[in-house]
Amino acid sequence: MKFTDGYWHMRADVTATFPVTAHEVEVETDAMTAHATTKRLQQRGDTLNQVPVSARFSSPAPNVIRVQIYHHKGRRPRQPQFELFTQAAGVTVRDDAQAATLTSGDLSVRVEKQGDWRVDFLDGERLITRSGHHAMGVIDAPEGRFIHEQLNLGVGECVYGLGERFTPFVKNGQVVDLWNEDGGTSSELAYKNVPFYMTNRGYGVLINHPEKVSLEVGSEKVERVQFSVPGEMLDYCLIYGPTPKQVLERYTALTGRPALPPAWSFGLWLSTSFTTPYDEETVTSFIQGMADRNIPLHVFHFDCFWMKEFEWVNFEWDRRVFPDPEAMLRRLKERGLRICVWINSYIGQRSPLFDEGVAGGYLVKRPDGDVWQWDRWQSGMGLVDFTNPVGIVTRALLQEGHRAVGLCNVAIGFQRLFAQWLGVTAESVLL
């Protein structure tokens with residue numbers, strides 16, 4: 001989010017407060033906290049009506065510095081939060097009259113105690129990046145209270161990452177709002193946003209917030225990356241490599257690594273697409289066309305119209321175009337294909353499952369108790385309430401005892417349960 005009006009001025013409706021100097025640094029054995037003043041102290045009276053800004057520096061793992069910036073620290077922790085897998089980092093803290101420095105592996109963070117506010121991230125004496133003049137700030141805007149940080153970009157430094165993105169690979173010059181949305185694959189909106197970026201200067205930044213994160217990647221100030229979150233606290237980790245592989249290894253060790261998918265899942269997938277009118281004959285022609293061209297195919301995906309229109313999601317094949325899905329799936333499997341079907345966690349009101357969802361309280365409700373519905377995508381669509389402890393998915397989990405899996409756009413599913421719904425064996429369902 002842009003808070004400025006050009007380089008020199010803030011927006012007219014924004015009040016910004018920035019640290020000007022480190023008033024005091026509290027040192028612990030494995031951490032340090034810098035308390036900044038936001039106006040110069042010329043006399044004791046200047047300590048009144050200060051806007052507090054503090055930054056705590058620690059190390060959750062070797063070569064990783066965690067920075068927690070806070071304004072009012074009395075707010076309750078917000079949920080959910082990312083889980084970080086910490087490791088012993090062998091931290092050293094050095095404090096003298098000029099600066100306080102915390103070191104973890106080859107990475108150090110140095111807070112200047114004399115003169116203007118400045119936080120340097122270093123490999124030995126080599127500057128990696130910096131949070132300097134008016135970089136760290138408390139912002140009051142019509143949209144609410146925000147905390148932002150700005151890290152310097154060097155000449156020729158390029159920024160990559162931030163999850164699934166359909167914009168140019170190098171993110172410099174882009175405004176990026178990290179918020180999962182169904183925007184298609186040709187816009188700045190994305191389905192799988194990840195609050196992590198890395199640069200060709202040998203480091204990455206994890207913005208440790210699952211809520212909406214706004215970034216100005218060399219767009220508000222061309223020599224800085226700004227990231228901001230609503231509220232009173234901003235938490236991020238700077239992860240040093242210096243190679244890209246080392247950055248990613250340390251990032252995934254900190255945040256958790258998924259299981260390696262089976263080898264076939266990295267093969268070629270073919271889809272019916274959303275708009276293509278299709279039946280079994282069409283599907284067979286697609287697959288045979290690949291074979292005729294000697295193109296190896298590993299997975300075939302049925303998009304949403306494998307179900308009857310207006311009834312998504314009902315887990316029932318549209319028998320008008322797939323009169324014998326069991327036999328069709330068997331024939332596809334005999335060709336060595338894995339099968340994927342499209343489902344989603346909502347139910348159109350013409351689906352046979354809608355009334356069951358209403359009766360059981362399994363759909364998201366409005367404050368007055370009515371089911372929340374709208375007409376986008378599917379007429380009268382209701383959303384499955386995954387917070388309901390006796391809801392459909394939770395009950396299925398307890399009954400089936402299977403690990404959660406993803407099917408295309410699906411967040412949660414169960415192999416055996418899908419197999420029952422589809423009328424096929426468990427091995428026919430994509431895992």
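Some observations on this one:
- Neighbour net charge for Val299 - beta-carbon separation under 12 angstrom, K R +1, D E -1: +3
- Candidate residues Trp179, Trp264: accessible-area rank, largest first, probe 1.4 Å: Trp179, Trp264
- The share of accessible area on segment 165-244 that comes from carbon and sulfur is 58 percent, using a 1.4 angstrom probe.
- Local electrostatic count at Asn180 - Lys and Arg +1, Asp and Glu -1, tallied over other residues with Cβ under 12 Å: -3
- Ordered from largest to smallest accessible area (heavy atoms of protein chains, 1.4 Å probe), the residues Trp306, Trp377, Trp372, Trp8 come out as Trp8, Trp377, Trp372, Trp306.
- Legend: Rg and Dmax of the chain, from Cα coordinates, 26.4, 86 Å.
- Residues Arg330 and Arg126, FRET efficiency given R0 of 56 Å [Cβ-Cβ distance, rounded to 0.05]: 0.35
- Among the protein heavy atoms of segment 266-384, carbon and sulfur supply 53% of the accessible surface, probe 1.4 Å, non-protein parts ignored.
- Counted charge near Asn200, where neighbours are those whose Cβ lies closer than 14 Å (Asp, Glu -1; Lys, Arg +1): +2
- Amide H partners (placed H, <5 Å) of Ser59, local residues excluded: Arg66
- Those lysines that a straight Cα-Cα span of less than 25 Å connects to Lys39, excepting residues fewer than 8 apart in one chain: Lys2, Lys73, Lys113, Lys221
- Adding -39500 (n - 2.57) for every DSSP H run of four residues or longer, then dividing by how many residues the chain holds, sets the calculated 222 nm ellipticity at -4000 deg cm²/dmol.
- Note, ³J(HN,Hα) from phi for segment 2-7, Karplus 6.51, -1.76, 1.60, rounded to Hz, x at Gly and Pro: 7, 10, 9, 10, x, 7
- Arg56 - accessible surface, heavy atoms, 1.4 Å probe, Å² rounded to 10: 70
- The listed residues Met233, Met198, Met32 rank as Met233, Met198, Met32 when sorted by accessible area, largest first, using a 1.4 Å probe.
- Å² per residue, accessible surface of segment 1-139 at 1.4 Å: 55
- In segment 140-200, the trypsin sites (Lys or Arg not before Pro) that fall in loop regions by DSSP, at most 14 other Cβ within 10 Å: Lys192
The values are calculated or read from the model by the stated rules, or taken from the named source; none is laboratory data. This one's a predicted model, so the numbers in the text were calculated from it and none came from an experiment. No Cβ is skipped: glycine too gets one built from the backbone with ideal geometry, and neighbour counts run over all protein chains shown. We work out accessible area using only protein heavy atoms, side chains counted, and drop any ligands, DNA or RNA first. Shrake-Rupley method; radii C 1.70, N 1.55, O 1.52, S 1.80 Å.
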